[in-house]
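Data block below; observations after.
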Amino acid sequence: MARKPFDPSLAHGALFRQQPDDAATTGANAVAPGHARDGASAALSVSGLVARIKEALRLGVPGTFTVRGELGRVSRTQHLYATLREQDATIGLVMWSSGLAKLAFDPREGQAVVVRGRVDFYAPQGKLQVIAESMEPVGQGDLDARKRELEQLFRSRGWFDAARKRTWPRLPRHVAIVTSEGAAALQDVLQVHRERGRTCRLTLVPTLVQGERAASEVAAAIARANTASPAMPFDCILLVRGGGSKEDLWAFNEAAIVEAIVQSRLPVITGIGHEIDVSLADLAADGTRATPSIAAAAVFADRAEVLEEITVRADDLDRALRDALDRRSLALERLMNRPVMQSPAAALVPARARVDGLASRAQLAVRRLANDAARPLAGLEARLARLDPGTRHTAARLRLDTVERRLVQSAARRAERCTARVDLVARQLAALSPTRVLERGYSITLGADGQPVRSIDQAAPGSELTTVVADGRISSTVTARDKETT
C-alpha cells in the first residue's frame with residue numbers, strides 16, 4: 001500500500017515530544033509539546049532538528065522513488081555531484097562511484113534524465129539531496145520497450161530462427177564492408193585485414209550508420225552489395241559500426257535493416273557497438289561478433305594459418321601418394337614374380353601333363369570297353385562251339401560282328417571326342433601364351449627401369465622406352481604424349 005504524504009500535525013511519538021535537553025521541568029513549569037519556552041533551555045539542538053527532519057522525510061517520502069528532471073552543475077570526481085532541476089524547483093543529486101560505473105552514457109549538464117533513488121538530508125552541510133541508484137536518459141525506457149516489441153514481432157516472423165542462417169566461406173575472396181566512410185569501425189576492420197595478411201579483396205559500400213535516414217540507407221547498401229557485378233561478386237557482407245548510446249545505435253533495431261539482412265542473398269556478419277550492445281540486426285545476422293574487430297577476424301582468414309594448414313595437408317597428400325605407389329609397386333612386383341611371367345613356356349608344362357594324363361585315361365577307357373565287349377563274344381563262341389548248328393552259328397556270328405562293329409565305332413567316337421577335347425585345351429593354353437599375343441601384332445612397352453609402362457604419366461618426354469614385339473625389341477625416345485579423355 002502506498003504511503004500517505006507526511007502531515008506534521010499528525011506526528012506523534014518520542015521524536016515529536018520535547019527532548020530532555022530542551023524540555024521544561026515537570027510540574028508547574030511544564031509546557032505543551034511543540035511550544036517554545038523562553039530561555040535557551042527551550043531551544044532544539046541542531047542534531048535534534050536534523051533527526052526530526054530525517055524522520056519526517058522517512059515517513060513522508062517513499063524509501064525508493066523515480067524522479068524526472070534536468071541535470072545542472074554536473075561535476076565528477078570519484079562520484080557524481082549535480083543538481084536535478086525543473087523550471088521552478090531544484091534539488092541536489094549524488095551518485096556514488098559504484099552506481100556511476102554501471103551507467104551506459106556520460107551524464108552532462110542540461111541532459112534530461114530519469115533517476116531512481118532515495119532522498120537524504122546531508123547534515124554536515126544542511127543539504128537535502130537525492131542519492132541516485134540508477135539513471136537513464138529520458139526516452140531510454142521507451143526505447144527498451146519499443147525494442148522488446150520489435151524483437152517479439154520479428155521473432156514471430158521467424159527472422160531470428162537459426163535454421164535460416166547460413167555459413168560464410170572460410171576463405172572469402174571478396175568481402176563487402178557496409179559502414180560509414182569515416183567510421184572508426186572501418187579503420188578497425190582494415191587494421192585486422194592487414195594483420196591477417198590481406199587474404200581477400202575488400203570493397204566499401206558506404207552508408208550512414210546513425211540518424212533518421214540510417215536505417216533506410218543501410219538497407220539500401222545491403223541490397224547494392226547483393227547486386228554486385230557478376231565479374232567480381234561478393235562472398236559475404238560485413239556490417240560494422242562503433243560503439244555509442246542506445247539512441248546512436250537505434251537504427252540497427254529498425255525493421256528496414258533487419259528485413260534487409262533476412263532477405264540478403266549473401267551471408268551477413270555484424271559487429272555493432274561494444275561487447276554489451278546486442279541489436280536486433282545482430283539477432284537476424286548469419287553471424288555476429290561483439291566488436292567490429294572481432295567480426296573482421298571471424299571473416300578474414302589468417303594467411304599464416306592457411307599456409308600452415310596447406311603445408312600440413314600437402315605433406316599428408318604426399319604420404320598418401322607414396323603409400324599408394326608403394327602398394328601398386330608391390331602388387332606389380334608380385335605379379336611379375338609369378339611363374340607365368342618369368343617363363344611362359346614353363347607354365348605350359350602342367351597343362352601338357354594334364355593333357356597327357358587325359359589321353360592315357362582315354363586309351364585305357366577304350367581298352368576297357370573293348371575287353372568288356374569281347375567277353376560276351378567269347379561266351380557266344382563257346383556256346384556255338386557246344387551247340388554247333390550251322391544256321392544258328394551263322395546268325396550268331398552276324399550278330400556278333402554287328403555288336404563288334406558298333407563297339408569299335410563307339411570306342412572310336414569316344415576316342416575322337418577325347419582327342420578333340422585335348423586339342424581344344426592345348427589350343428586354349430597356346431592362346432594364353434604371351435608369345436602368341438605378341439605374334440598377333442601386340443607389343444609390350446618397357447620403361448628405363450625394365451618395368452611395363454601402364455600410363456602416360458610413366459613416359460615423360462625425353463625418356464627412353466623399349467618396345468618388345470614377337471621377333472625382337474625396339475628402342476625409342478618419347479617426344480610427346482596425349483592422354484585420352486573419356
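The values are calculated or read from the model by the stated rules, or taken from the named source; none is laboratory data. If you're wondering where the values come from, they're calculated on a predicted model, not measured in any experiment. Heads up, the Cβs are rebuilt from the backbone with ideal geometry, glycines too, and the neighbour counts pull from every protein chain shown.
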Condition first: among the hydroxyl-bearing types (Ser, Thr, Tyr) and closer than 14 Å to residue 50 by Cα. Now tell me which residues in region 114-138 satisfy that. 122
Return the residues of region 180-238 that are surrounded by 15 or more Cβ atoms within 10 Å (Cβ to Cβ), of a type in the set (S, T, N, Q) and touching a residue at least 60 places away in the same chain (Cβ under 8 Å); say none if nothing qualifies. 180, 199
Could you list all residues from region 296-333 that are within 29 Å of residue 194 (Cβ to Cβ) and in contact (Cβ under 8 Å) with a residue 60 or more places away in the chain? 296, 297, 299, 300, 301, 302, 303, 304, 306
Answer residue from region 405-449, given it is touching a strand residue (DSSP E or B) at 6+ places or on another chain (Cβ under 7 Å) and outside any loop (DSSP other than H, G, I, E, B) and is surrounded by the most Cβ atoms within 10 Å (Cβ to Cβ) among those: 446
Please specify each residue of region 144-164 satisfying the condition of being assigned to a loop (DSSP other than H, G, I, E, B) and surrounded by fewer than 16 Cβ atoms within 10 Å (Cβ to Cβ). 157, 158, 161
For residues that are closer than 20 Å to residue 157 by Cα and not in a helix (DSSP H, G or I), tally how many sit in region 249-265. 3
Which of the numbered conditions does residue 228 fail, given that it passes all the others? Conditions: (1) at pLDDT 95 or above; (2) out of contact with any helix residue (DSSP H, G or I) (no Cβ under 9 Å at 6 or more places or on another chain); (3) not hydroxyl-bearing (Ser, Thr, Tyr). (1)
Given the conditions (1) without any contact (Cβ under 8 Å) to a residue 60 or more places away in the chain; (2) of a type in the set (Val, Ile, Thr); (3) surrounded by fewer than 17 Cβ atoms within 10 Å (Cβ to Cβ), report the number of the one that residue 94 does not fulfil. (3)
Yes/no for residue 402 being among the hydroxyl-bearing types (Ser, Thr, Tyr), under 30 Å from residue 328 (Cβ atoms) and without any contact (Cβ under 8 Å) to a residue 40 or more places away in the chain: no
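So that you can scan it fast, the table gives a plain yes or no per residue for (1) among the aliphatic types (A, V, I, L, M); (2) within 18 Å of residue 150 (Cβ to Cβ); (3) in a helix (DSSP H, G or I); (4) not assigned by TED's automatic domain parsing to the domain that holds residue 150:
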residue: 228; (1), (2), (3), (4): yes, no, no, no
residue: 243; (1), (2), (3), (4): no, no, no, no
residue: 277; (1), (2), (3), (4): no, yes, no, no
residue: 283; (1), (2), (3), (4): yes, yes, yes, no
residue: 293; (1), (2), (3), (4): no, no, yes, no
residue: 297; (1), (2), (3), (4): yes, no, yes, no
